[in-house]
Structure formats: structure tokens, C-alpha cells
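Asks: Got a structure for you, written out below as C-alpha cells; questions coming shortly.
Just so it is clear, none of the values below were taken in a lab; they were calculated from the coordinates. Remember, predicted model here, so these are calculated numbers, not experimental data. Positions of Cβ are backbone-derived with ideal geometry, glycine not excepted, and every protein chain shown enters the neighbour counts.
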């Protein structure tokens, strides 16, 4: 009896509207006076990769998934099925299909029940916009009025786009894009006929047609859509048969959640609805899988972080903050790419680079590894052994401690801090002041900091403006090291022996282990990419046996293998680089004297002109005049580590036209004692 009453009410509503059609002016005024709800639905904040691939999305305030979508982003086959099944005259009516309404009303009266519906796409949009029911004649009348008003305000494409956003798909899923991710784990750009038919069918009864909970209802509804498509010539018999045989999804897929740490951080800072990042979704997924594999079965709450950057642009291509974002045991929610940690020996390349730049050493210079005390500080090598005299190249490759501390003692911790800050790093010290222990990791830095440093080494000594967002523009790069010093450093690191079973492919890399085995590091670069790897525990506890060379280095090589089949070659030596052996070096560069040989010697040379910190105007064609006091001739003069005058016996010398920018001017006497000043050369 209730169904009969509803059917007759539906008929009288249709009859009433038909009668009102006779009073066109009044109806027009009635429609124009309609209060229209907001027409821009709130959609999920989404984070996209460099190619527009979804990395992560967030629910809207009420906990629903409603992803932004356009007609161009939806398979045309779905649109065709939708209109064929729901509203064949969508492009012809003005919001209400009077023919369909009259037919439905007649069928209801003659059959005593509702046989077919007459709700158009526009009427469904009207209902969804107001979240109103249609169980009463007043609700249906309001829906009709709003549909007619919408057609006067919006294009058909805009109305259809609203439907694509608002159609319900069960639970907290709204819109075809969210539904496609939920049931098929993919964007709705390409759907099979069976998939499209299921997405057409579910919104009619979203909770009772969920394929994971009511597969029989979902299957029957999908097949009715397919039958109608065949009836109206949209699909052939063979296509319908093939679609009917396709199984239904039996569980919901998770929404993409790549780069969760980066996404959370950027979304918290910027409330924009869409975030376009420099990350590569495929590479990000590979690095996340690699980090999970690295800690699987290791125990000790071992965690991992991996970063990949294009050092030519500073664009971050992958950033893995932990092996498992959701694992509370690992404290996976902590972004280890931004955690303050000790870098171990991974700062050593920068210290050697400063030595190259200052003209103190060359890769083939000899340096001494012997028990040495620097005031109260007496560093030991990792294995408690000393090698005596060896080349600078070999000392860096085997990561000896005493030689690098001796170099830092000569260069000065303050100068090291200056260069680190030029690279964009923000070092922190437990005691507040840097000391010689910085050379061995006695400083707090982040993994992002170290990526900036190795990016500068890879980019010829120029700071790299690390960035995550598309279109972000960094500050003008500054020079961290001279190109020659950076190249010397990279040439040594590219000749490092690879870990067992890894190819000797010329990858420039350095490992490090922090005090107490709390952090195992590896950073490496080729001609295009910089990769950083960290292994340890988020809580800073010791991990016995965690060595950078044994744990992190193999992971570094594996990461590069997943980036590309082969490495991009490193650049050739820049102008001014001395690619010669030890015996061919100028006398002062054959052996590093250190503070014992120069700084404590009252007869050591001193640059009298130009003074340290001077700013000089460059005059085209005019040389720089320099003068040295004390020391024993002949003298070797260098700027930025490149010899410009060798074997000079006079104390005043013409050095030629200086390069523009910041330069280190160094003089070395015949006994290997040296002095340096730091200058800025400007162009008037």
C-alpha cells in the first residue's frame, strides 16, 4: 500500500509540474529565485610527484575521501556507460527529463509500484549538493527546482564534473576518482568495461552494493549496467560476455601513501589543496622498498633512511624518512632525514677539500699518520693502528683520523664551519664551540645537511639549493669549494674500492660511523645524482656491528643500481687541476708539513700584501701584486689551490689578472711552510 501511495504521489508531482509549465513566466521566476548551495565541493588535499602521480592524499574534514577530478581524467567509456544507464537525454533536457518522469509516473500507477526511476544526473547532483533525501514529495519537488536552477547556472560539463566528485560509493568514499583508487588501486583514466560498469552501478545503492561486503548485489547491479550498454549498442555481445566474466574486487585498496614524512611536513606548512613535488613516484616507491628490505629481520629496532637528489638542479627525487612510517616500534613516524645526528667520517672530504684549496696538499702529496697530540686531544684511528707516511689520496680512502685532524688543525674549525654554512648546513655543537673533534663527527647535522654538502662536491664546489617543490627557486649559489678542490676530492672518492659484490663503476662515495655505532652512513654521487643512506635507531641507541662501510655502503650501491642501469660519468678535470704524480709536484706540495712545520716557526712566510679579508677591484689587463715576508725562497704562489707562480726568488711578485669572486691566496716557501689570505675580487 505504501508503494502505491508513493507512486501516486510521484505521479501527482509530475502532473503538477506539467501544469506549472503552462505558466512559464511564474515558473521562470520560481526557478530563478532558487537558493543554490555552494558549487565547489571540498576535496582531499593531495600531494603529487613531478609527473602528477598521486603520492599521498588526506581525507576532508568529515573523514571522507573525495579526490579532485576533471572530465579529462576519467575514462570516456565510464562517462558513456553512466549516461546510457542513468540519463540518456542528459545533453538534451534542462535538468528534468519530463518524458522519463511521465513514463515513470504512468508505470507506477498502472503497476502499483515504482518500475523505473526518472532522476536525471542533474537531479542527483541537486540531491547530493544538499545531502537531501527524496522520500517525500516535498524533497522531490525541491530536487527538481534545484536541478532546473543548476542547468541555468552551469554547463553540462560542470554538472557532470560535480557528479564525478559527489557520487557516493559506500562508507567514506565519494567521487569516481576515490572509488577507482578504493576498488581498483588506480586512477580512473583507463578502466575496463567491467570496472566502469561497477562504478556506474554502486552509487544507486552505495552501501548495499559494496563488492567487499555484498558481492552478489554488486555483481547483479554491474551486469544490469552491462546489459543496458548492450541494449543501446554501446557494447557488443562479446564485450559484454568478457566483462561479465571479470571478477569483482573483494577488498578495498589502500590509498597511495608514498613519501609520508615529506608530505606531512609540507602540508602542515602550506594549506594548499594540491602540492606538486619534485619527487619521482616510481623511484620513491623503489627506495621505500629498499629501506624495508635493509632492516627486515635485523632486529635491534634498526631503521633506515634514503635520499636521492639531482645535484644539477637541487631537486629531491626520493626521500625516505624511515623504513616504515606506521611502525611505532621503530618510531617510524620520526623523519630521520631531518634528525640531528653525528656524521662520523663523512665530513672528511670537505676538510681535505679545504686543504686542496689552501694549497696545503695535493692528492699525491705525502702526509704522516703517526701518534699526535693536539693540545689535550690525541685522536686515534678506528683500528688503533698507524700507517706512517702515505699519500693524501690513500689517507682519505682508508679514512684515517690523525691526518684529517692535522689538516683541520691547519685550516681551522671556524673555516670548516664557514664552508658548511655556505653549503646550506646548520651544524650544532654539544659544547657550543667547534673543536678538532668535528673532523671525526663531533658535530650535529641532519641528513639533508649532508646531502647539501655532497651536492656541492658533485657540482664543482657550488652550493646546491635542495628543494622539494616544483617551481621553487633557491638563492643564487655560492662557492663552497673551488672547482679544482672539489674535483680533487671527487677523483679520490671515485677510486674507492666498492663493497663486496658491488661493481667498480667509478661511484664517488664516502662512508662514516658515529661514535658508539649509533649511525652508519654512506653518501655518493655520479655526474647527476647524489644518494645518501643512513642506518641506525631513531632513539639514538647503539647498534652493535653497524659500520658505514659494511652496512650502509652496499645499500648505497643498490640504490644507485635502481636509479639507472649505469652511472652518469663525473666531469673531466677543470682548468688548473694538476693531474700529475708525486715526483712531478712542486716541492712545497710533495709533503704536508702541518702546524709542526710552519705555523709554529717564527721564520715561516707571511703574506704582507694584500691583507687578509681585503676587497680588491679587478682591473682588466692589470696583474695582482703580492708580497711575502720571511720564509726561504724559492716561493710557490697559488690561488684557490692552483699554482700560478713557481720558483719565485723575489719577495714581491706579479701574479697576473686574478679571477672574479672569492679566492684563497697562498704562498709556500722552499721548506714547505705556508701562509694564506682570503680575498674578494670585484668587478667595478
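Asks: Decide, for the range 593-682, between rounded, prolate and oblate: order the square roots of the alpha carbon gyration tensor eigenvalues as a ≥ b ≥ c, take rounded if a/c falls under 1.5, and otherwise choose prolate if a/b is larger than b/c, else oblate.
Replies: Prolate shape, in that a/c is at least 1.5 and a/b is the bigger ratio.
Asks: Could I ask something else about it? Please compute the contact order of the chain in relative form: average sequence separation of alpha-carbon pairs under 8 Å and at least six residues apart, divided by the residue count, as a percent.
Replies: Computed over the chain, the figure is 10 percent.
Asks: Calculate the length of the line joining the C-alpha centroid of the range 228-273 to that of the range 432-447, in whole Å.
Replies: Cα centroid of the range 228-273 versus Cα centroid of the range 432-447: 50 Å apart.
Asks: Let me ask something else about it. What order do you get for 511-521, 146-156, 341-351 when each peptide is scored by the mean count of other beta carbon atoms within 10 Å, highest first?
Replies: In decreasing order of mean packing, 511-521, 146-156, 341-351 become 341-351, 511-521, 146-156.
Asks: Run through the DSSP bridge list for the chain and note the antiparallel percent, rounded to the nearest 5. Before the final figure, lay out the partial values.
Replies: Numbers: 62 of 72 bridges.
Of the beta bridges lying entirely in the chain, close to 85 percent run antiparallel.
Asks: Further question on the same structure: So what is the relative contact order of the range 426-529, in percent, for Cα pairs below 8 Å that sit 6 or more residues apart?
Replies: 20
Asks: Set the Förster radius R0 to 51 Å, insert the Cβ-Cβ distance between residue 70 and residue 331 as r into 1/(1 + (r/R0)^6), and round the FRET efficiency to 0.05.
Replies: Numbers: r = 40 Å, r/R0 = 0.78.
Calculated transfer efficiency: 0.80.
Asks: Please compute the length gained on full extension between residue 501 and residue 632, using 0.36 nm multiplied by the number of residues separating them and subtracting their Cα-Cα distance.
Replies: Computed gain between residue 501 and residue 632 is 42.0 nm.
Asks: Next up: Given 0.36 nm per residue, what is the gain on full extension from residue 515 to residue 92 after removing their alpha carbon distance, in nm?
Replies: Going from the current span to full extension adds 144.7 nm.
Asks: Now for a different question. How far apart, in nm, are the 7 Å Cα→Cβ label points at residue 682 and residue 213?
Replies: So the label points at residue 682 and residue 213 sit 7.3 nm apart.
Asks: Given the rule -39500 (n - 2.57) for each run of at least 4 DSSP H residues, summed and divided by the residues of the chain, what is its mean residue ellipticity at 222 nm, to the nearest 500 deg cm²/dmol? Walk me through the numbers before you get to the answer.
Replies: Details: 21 runs with 235 residues, N = 684.
About -10500 deg cm²/dmol.
Asks: Write down, largest first, the equivalent ellipsoid semi-axes of the range 174-278 in whole Å, where each equals the square root of 5 times an eigenvalue of the alpha-carbon gyration tensor.
Replies: 33, 15, 12
Asks: So, one more: What is the ratio of the Cα radius of gyration of the range 226-360 to 2.2 N^0.38 Å, where N is its residue count, to two decimals?
Replies: 1.68
Asks: Still on this structure, I have one more. Figure the gain on full extension for residue 268 and residue 579 (residue separation times 0.36 nm, minus the Cα-Cα span) and round it to one decimal in nm.
Replies: 106.9 nm
Asks: Further question: Need the C-alpha centroid separation for the range 547-570 versus the range 182-198, integer Å.
Replies: The two parts, judged by their Cα centres, are 38 Å apart.
Asks: Please express the shape of the chain as an equivalent ellipsoid: the semi-axes are the square roots of 5 times the eigenvalues of the C-alpha gyration tensor, given largest first in whole angstrom.
Replies: Semi-axes (√(5λ), whole Å): 73, 26, 19.
Asks: Then there's this: Give the distance, in whole Å, between the Cα centre of the range 359-411 and the Cα centre of the range 472-542.
Replies: 20
Asks: Next question, about the same structure. Rounded to the nearest angstrom and ordered from largest down, what semi-axes does the equivalent ellipsoid of the range 344-563 get from its C-alpha gyration tensor (root of 5λ)?
Replies: Semi-axes from the Cα gyration tensor: 24, 21, 19 Å.
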